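**Student:** Quick one: structure below, then a few questions.
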Amino acid sequence: MQVWATGVGIISSIGGDCKATLESLKHSRSGIGKIKHLKTMHNLPVGEIDMDYDELLRCAGLPQNTISVRTPLIGLIAARQAVAQADIVDCKKYKIAFVSGTTVGGMDRMEQFYDHFLNDNTKNSYLYPHDIGDSSDFIASNIGIFSFVTSISTACSSAANAIIFGAELIKHGKADIAVCGGCESLSLYHINGFNSLKILDSNPCRPFDISRAGLNLGEGAGYVVLENSDVAIARGAEPLCRLSGYGNACDAYHQTATSENAQGPYLAMSKALKLAHLKHSEISCVNAHGTGTGNNDLTECVALKRIFGNDVPPFSSTKAFTGHATSAAGGIEAVISILCLQNNFLPANLRFKSIDSALGLMPAIEPMDIYCENIMTNSFGFGGNDTSLIFSKI
């Protein structure tokens, strides 16, 4: 039995579905721009989905009077795409799980209506969606096919860990099919929190460049339908690829930084390779975590060199396209990696100009046509919770 991916769904600042996303990636069209929908004093570039609440409700197919917050609406749009592609709406005889990563949950509405909560009861219905579990329940109940629902919150590795958890459910017979990934919306908490760490760039980010000055925040959702290969064959599903390997490690070095020897990322990639029964030379390319901060890009390159030696495969970071969607990033980039695998290409690392001798590595500066047999995608979270996934052709 293998774990196959049979459906994907995505929404971010570069597109509302897989087709639009792929076009943006191939033509190097970034979604980083000025903040439009989030009301904030900061004038910082972000990867924002250009839809207000009413537009998101319409896109999600929900009535305009639905009590809603931004995160699960974004998630529902992407999850429905994945479910539709995998054609699992009527698979009632199978055990189907929903595993979703997020951190913000309904914080956007909590911030918006905080004064109401203090002074009157007119907005109390928005208190309940604040919980991250409510975001997962909202998505699951509106799709209506799941026998098991849970949430993962491990900061920036949340969605990638949701994919691991879904795969483990399948391998241990707890689920036949699992819809896994994550969703996240921009919030004041995001902007103010990351700004207090002094890691937000006031210009569009430049991962791995010598002039990199921080990250741009983003929002979005990405979900992958994972499936027991025997189940997929029995129901005639068309596989996109297989999840051949994955690894998670926590170096617990610092609340927000990675250790100098990059032990967490190194262990995560090592575990993924071991589970996939792959040599490092068999990885075609890497979708890097690549946030654009000094610490992340340096330590990720340290880890890449520890794993691959002098033969680091082509790599790039797509956060220069989408912004860093934090808990959703691993889901968005898993979908992007599957698109790269299917279309045999690697997106450009946008805005890279000059190599940093401290890193000693240069990402792909143009879109690359490359036969992609196995792609690794990295998601490294606060607290040193680091995750690597490997998707492979079948």
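The values are calculated or read from the model by the stated rules, or taken from the named source; none is laboratory data. Given the structure is predicted, the values throughout are model-derived calculations rather than measurements. We place every Cβ from the backbone using ideal geometry, glycine too, and count neighbours over all the protein chains shown. Heavy atoms of the whole protein, side chains included, go into the accessibility calculation; ligands, DNA and RNA do not. Shrake-Rupley method; radii C 1.70, N 1.55, O 1.52, S 1.80 Å.
**Student:** Evaluate the Kirkwood expression for the hydrodynamic radius of segment 112-239, namely the inverse of the mean inverse distance over all pairs of different C-alpha atoms, and round to one decimal in Å.
**Tutor:** The Cα-based Kirkwood calculation yields 17.8 Å.
**Student:** Per DSSP helix of 4 or more residues, -39500 (n - 2.57); summed, then divided by the residues of the chain. What does that give at 222 nm, rounded to the nearest 500?
**Tutor:** So the helix-based figure for the chain works out to -10000 deg cm²/dmol.
**Student:** Still on this structure, I have one more. Taking +1 at the Cβ of each Lys and Arg and -1 at the Cβ of each Asp and Glu, which of 110, 86, 231 sits farthest along the dipole of the chain towards its positive end, judged by Cα position relative to the Cα centre?
**Tutor:** The residue sitting farthest along the positive end of the dipole is 231.
**Student:** What list of whole percents do you get for P(r) of segment 1-143, with Cα-Cα distances grouped in 5 Å bins up to the one holding the largest distance?
**Tutor:** 2, 8, 15, 19, 20, 16, 10, 6, 3, 1, 0, 0
**Student:** Here is a follow-up. Excluding ligands and nucleic acids, what accessible area in Å² is computed for residue 29 using a 1.4 Å probe, to the nearest 10?
**Tutor:** Rounded to the nearest 10, the figure is 110 Å².
**Student:** If you don't mind, another one. No solvent, one uniform scatterer per C-alpha: report log10 I(q)/I(0) for segment 251-394 via the Debye equation at q = 0.10, 0.16 1/Å, two decimals.
**Tutor:** Treating every Cα as an identical point scatterer, log10 I(q)/I(0) equals -0.29, -0.78.
**Student:** Kindly sort 104, 89 by accessible area of their heavy atoms, largest first, with the probe set to 1.4 Å.
**Tutor:** Most to least solvent-accessible, the answer reads 89, 104.
**Student:** Rounding to the nearest 20 debye, state how big the charge dipole of the chain is about its Cα centre with +1 on each Lys and Arg Cβ and -1 on each Asp and Glu Cβ.
**Tutor:** Taking the Cα centre of the chain as origin, the dipole is about 400 debye.
**Student:** Of all chymotrypsin sites (Phe, Trp or Tyr not before Pro) in segment 304-394, which ones are in loop regions per DSSP and have a Cβ with at most 11 other Cβ atoms within 10 Å?
**Tutor:** Qualifying residues, ordered by number: 371.
**Student:** May I pose another question? Leaving out ligands and nucleic acids, and using a 1.4 Å probe, what accessible area per residue does segment 69-192 come to in Å²?
**Tutor:** For segment 69-192, the per-residue accessible area is 39 Å².
**Student:** In addition: What dipole magnitude, in Debye to the nearest 20, does segment 4-140 give about its Cα centre under +1 on Lys/Arg Cβ and -1 on Asp/Glu Cβ?
**Tutor:** For this selection, approximately 420 debye.
**Student:** Out of the total accessible area of segment 66-180 (probe 1.4 Å, heavy atoms of protein only), what percent is carbon and sulfur?
**Tutor:** C and S atoms contribute 52 percent here.
**Student:** Take 198, 174 and sort them by solvent-accessible surface of the protein heavy atoms, 1.4 Å probe, largest at the top.
**Tutor:** Per-residue accessible area, sorted high to low, gives 198, 174.
**Student:** Using a 1.4 angstrom probe on heavy atoms only, work out the carbon and sulfur share of the accessible area of segment 328-383 in %.
**Tutor:** 53 percent
**Student:** Sticking with this structure for a sec: Sort 354, 185 by accessible area with a 1.4 Å probe, largest first.
**Tutor:** The residues order as 354, 185, largest area first.
**Student:** Related question: How much accessible area per residue does segment 259-389 have, in Å², with a 1.4 Å probe?
**Tutor:** 32 Å²
**Student:** Find how much the distance from residue 198 to residue 55 grows on full extension, using 0.36 nm per residue of separation minus their present alpha carbon separation; answer in nm with one decimal.
**Tutor:** The span from residue 198 to residue 55 would gain 48.2 nm if fully extended.
**Student:** According to a simple spin-label model (label point 7 Å from Cα along Cα-to-Cβ), what is the distance in nm between residue 213 and residue 42?
**Tutor:** Label at residue 42, label at residue 213, 1.5 nm between them.
**Student:** Moving on to the next point. When N counts the residues of segment 7-53, how does its alpha-carbon radius of gyration compare numerically with 2.2 N^0.38 Å, as a ratio?
**Tutor:** Compactness ratio reported: 1.27.
**Student:** In segment 117-161, if every C-alpha pair distance is counted and binned at 10 Å from zero, what percent goes to each bin?
**Tutor:** 23, 39, 27, 12
**Student:** Based solely on C-alpha atoms, express the radius of gyration and the Dmax of the chain in angstrom.
**Tutor:** Radius of gyration, then largest Cα-Cα span, for the chain: 19.5, 63 Å.
**Student:** Sticking with this structure for a sec: In the P(r) worked out for segment 177-267, what percent of Cα pairs fall beyond 23 Å?
**Tutor:** 54 percent
**Student:** Please get the size of the charge dipole for segment 294-387, origin at its Cα centre, with Cβ charges of +1 on Lys and Arg and -1 on Asp and Glu, quoted in debye to the nearest 20.
**Tutor:** 180 debye
**Student:** Shape call for segment 152-304 from the C-alpha gyration tensor, a ≥ b ≥ c root eigenvalues: rounded (a/c under 1.5), prolate (a/b greater than b/c) or oblate?
**Tutor:** Since a/c reaches 1.5 and a/b is larger than b/c, the shape of segment 152-304 is classed as prolate.
**Student:** Continuing with this model, one more query. Carbon and sulfur atoms: what percent of the 1.4 Å accessible area of segment 189-323 do they account for?
**Tutor:** Taking all protein chains in place, segment 189-323 shows 50 percent carbon and sulfur surface.
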